[in-house]
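Engineer: Right, I'll just put the structure down here and ask away after.
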Amino acid sequence: MAAGWAIPLVFNPHELHGRAYVGGGLASGARLDLIRGADKPLDLVIVLAPMAALEGRRGAWFHENLLDNVGCRSLDEELRLVRSAWPDTEILVLRPSPPVLSAMRPNPMAAEAAVPTFIRTLSSMKRKLAQPEVWEVLDHHLRRRRLRAAR
């Protein structure tokens, strides 16, 4: 658990039995590496990418820009791998909005940031999921599932 909070440049690695450990999110912020082990391609993948903000942060600190850039590059590579392995899979990526990013400051791991971040995330996700192009993808998959269940 302690290693999960260890983020270089923010928190020191956690040492255990002489070895240094950091959070697994550094290798894969969205953990798309886990779905690629599925037996067959998935119809729809919904990616929660909290470490891959697209929009710049006003007054961002050095480490925030660095983490955003690394997160975006990592996510882009993971998406490329999924799309090349499963070209017919639809992928919906949900990223943090500027209000969510603002609520997480200055320390996204701080307990006092949890509730404001959560509330802004719910509001942001509601707006994102209600967008016509996003709802169309979700409705397509939900409708197909309902039709299969009715048979």
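Only the coordinates and a few stated rules stand behind these numbers; no lab work does. The model shown is predicted, which means the values in this text are computed figures rather than measured ones. Virtual Cβ from ideal backbone geometry, glycine too; neighbours counted across all protein chains shown.
Engineer: With +1 on each Lys and Arg Cβ and -1 on each Asp and Glu Cβ, how big is the dipole of the chain about its Cα centre, in debye rounded to the nearest 20?
Structural biologist: Approximately 540 debye in magnitude.
Engineer: Please list the radius of gyration and Dmax for the chain, considering alpha-carbon atoms only, with Å as the unit.
Structural biologist: 17.7, 58
Engineer: Please name whichever of 69, 129, 150 sits farthest to the positive end of the charge dipole of the chain, dipole taken about the Cα centre and charges placed at Cβ: Lys and Arg +1, Asp and Glu -1.
Structural biologist: 150
Engineer: Relative to the longest principal axis of the C-alpha atoms of the chain, give the angle of the C-alpha long axis of helix 111-130, reported between 0 and 90° and rounded to the nearest 10°.
Structural biologist: The angle comes out at about 20 degrees.
Engineer: Mind pulling the angle between the C-alpha long axis of helix 62-85 and the longest principal axis of the chain? Nearest 10 degrees, somewhere in 0 to 90.
Structural biologist: Once rounded, the angle reads 30 degrees.
Engineer: List the relative contact order of the chain as a percent without decimals, with contacts defined as Cα pairs under 8 Å and 6+ residues apart. Walk me through the intermediate numbers first.
Structural biologist: Working: 154 pairs, mean separation 29.7, N = 151.
The normalised contact order for the chain reaches 20 percent.
Engineer: Pull up all non-local amide H partners of residue 47: gap of 5 or more, or a different chain, and H-to-H distance under 5 Å with H placed in the peptide plane.
Structural biologist: Close amide H contacts, sequence-distant or interchain: 92, 93, 94.
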